[in-house]
Structures are given as structure tokens and as C-alpha cells.
Amino acid sequence: MDNSEALENFRILLASIDRKVDGIELLHKSNDAFKVSAPLLNTVHEHCKGINTLLENQLENPAFSLVRPLIETFLRGMWLTYCATEKQISIFIKKDQILNGTKNVTLKDMISQLNNIDKLPNELSKKTIKAMHSHTHGGMFKVTRNYDGESVQPIYTNTEISEVISVSSNIAFITFSEIIENSNLPNANKESLIKEVRALL
């Protein structure tokens, strides 16, 4: 299976998002949750563009390594938007920590809470998170995708690359939808823009 068409569609999706969000004014500029979530969601979009560029240039290793920060930044942005209390947001701003009492809020916690309100793509699973952690931090997933028993070179499967494109595309769409929903556009315009981009998935 060749992923060239999927990569081209991913690039078209990201370019469309860039055009549609350019110049849009956002609401809630004085809201603390918005102050921290909006920059994170913008970073998510930049990560998606980085993954697309790396894969288009057959640089699978750094592309796969970037999926972990993509997912983690996405989860944090969404969790701070929909799940965090004012106190948790304040602590994050002051101390760069996400806490529940004295304990850290883990990615597993964020996934569970966001799943409860249907804010995550179906592809995000514990298995995906574990694999992406290994790719980013030099674990066995990275080793086995770079050594075939005889030579050292990237040997990612087309299926694995397709999964990264799918996860990244869906995260890019959800991020775009969040930006549009928090814009000052009329509701009819919001629905139209989101529908146009969804059709590119």
C-alpha cells in the first residue's frame, strides 16, 4: 500500500486549515483557560505540519518521534479547555504543573476524562500512546523499526505510516474545529467551515 495519496490529502487538509483560520479573531481572550489552550492547540497544528513534511521527505524516524509530543500537547490543550478547574489552570500557569491535589494528572487520566465527553479521535488508545512514547524516547519500538537483522535503516511498514497520517489528520481536524468554535464567526459560518474541512478527511 502506497501512502503517497494519503500524504497528499494530509497536506491539502493542513493547507486548507491554514487558509481558513488566517485572520480569524478568537473569543475569550481574557479567559485563563483560553490563554493556555489556544497556544497549545496552535502548536498541535504546527506539529501536524512537521509530521507531514518529514514523511513527504521519507524521514520516518523524526516523524514518528514527533507523534508523542503531538498527542501530549493535544491532550493537554483539550483537557485544560474542558476538564481543568480554575485552580488547576492557575497552578499550570504559575508552576507549569498539571495536578489533581498533590498528584500529577497523567495522560491516562486526561484520555479517560476526555473520552467521557467524546472529545478524542477513536485512534487514540493506550497501545498508541505506549508505542509513540517508545519512538520518542528511544525504546524498543524505535530499535525494531530501524534494524532488520542485517542492516540499520528505517523499516516502518506502510500500515504504521498510514496510522500516523490518520491520527495526525484527525487531531488536526479536531484542533481546527476547536479554533473555529472559539472564534467570533456567526454559527452558520462555523458550521460551514467545519463541514468543508471534515470532507477532506
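The values are calculated or read from the model by the stated rules, or taken from the named source; none is laboratory data. Just so it is clear, the structure is predicted and the values come from calculations on it, not from any experiment. Here the Cβ is made from the backbone with ideal geometry for all residues, glycine too, and neighbour counts use every protein chain on show. We work out accessible area using only protein heavy atoms, side chains counted, and drop any ligands, DNA or RNA first. Shrake-Rupley method; radii C 1.70, N 1.55, O 1.52, S 1.80 Å.
Brief remarks on what is shown
- Single unsatisfied condition, D96 versus (1) among the charged types (D, E, K, R); (2) more than 12 Å from the chain's Cα centre (by Cα); (3) closer than 24 Å to R145 by Cβ: (3)
- Set I174, I155, I180: member being surrounded by 11 or more Cβ atoms within 10 Å (Cβ to Cβ) and farther than 30 Å from D18 by Cα: I155
- Any hit, segment 191-200, residues being under 23 Å from A63 (Cα atoms) and open to solvent by 60 Å² or more (accessible area, probe 1.4 Å): yes
- Conditions (1) under 25 Å from L80 (Cβ atoms); (2) part of a loop (DSSP other than H, G, I, E, B); (3) of a type outside the set (G, A, S); number of the one not met by I194: (2)
- Residues of segment 87-102 satisfying the condition of being in contact with a helix residue (DSSP H, G or I) (Cβ under 9 Å, 6 or more places away or on another chain) and open to solvent by 60 Å² or more (accessible area, probe 1.4 Å): I93, Q97, N100
- Failed item, numbered, when N146 is tested on (1) surrounded by 15 or more Cβ atoms within 10 Å (Cβ to Cβ); (2) modelled with pLDDT of 90 or more: (2)
- A84 open to solvent by 20 Å² or more (accessible area, probe 1.4 Å) and hydrophobic (A, V, I, L, M, F, W, C): yes
- Evaluation of E163 against (1) farther than 16 Å from F10 by Cα; (2) open to solvent by 80 Å² or more (accessible area, probe 1.4 Å); (3) in a helix (DSSP H, G or I) (one fails), failing number: (1)
- Selected residue [over 30 Å from E8 (Cβ atoms) and among the aliphatic types (A, V, I, L, M)] from A188, A172, A131: A188
- Hits in segment 65-81 (condition: open to solvent by less than 20 Å² (accessible area, probe 1.4 Å) and over 13 Å from the mean Cα position of the chain (by Cα)): L80
- Among the residues of segment 16-24, not a single one is open to solvent by less than 40 Å² (accessible area, probe 1.4 Å), at pLDDT 95 or above, touching a helix residue (DSSP H, G or I) at 6+ places or on another chain (Cβ under 8 Å) and within 25 Å of R145 (Cβ to Cβ).
- S169 being in a helix (DSSP H, G or I), closer than 20 Å to E56 by Cα, of a type in the set (G, A, S) and open to solvent by less than 70 Å² (accessible area, probe 1.4 Å): yes
- The residues of segment 21-56 that are within 30 Å of S4 (Cα to Cα) and more than 12 Å from the chain's Cα centre (by Cα), listed by number, are V21, D22, N52, T53, L54, L55, E56.
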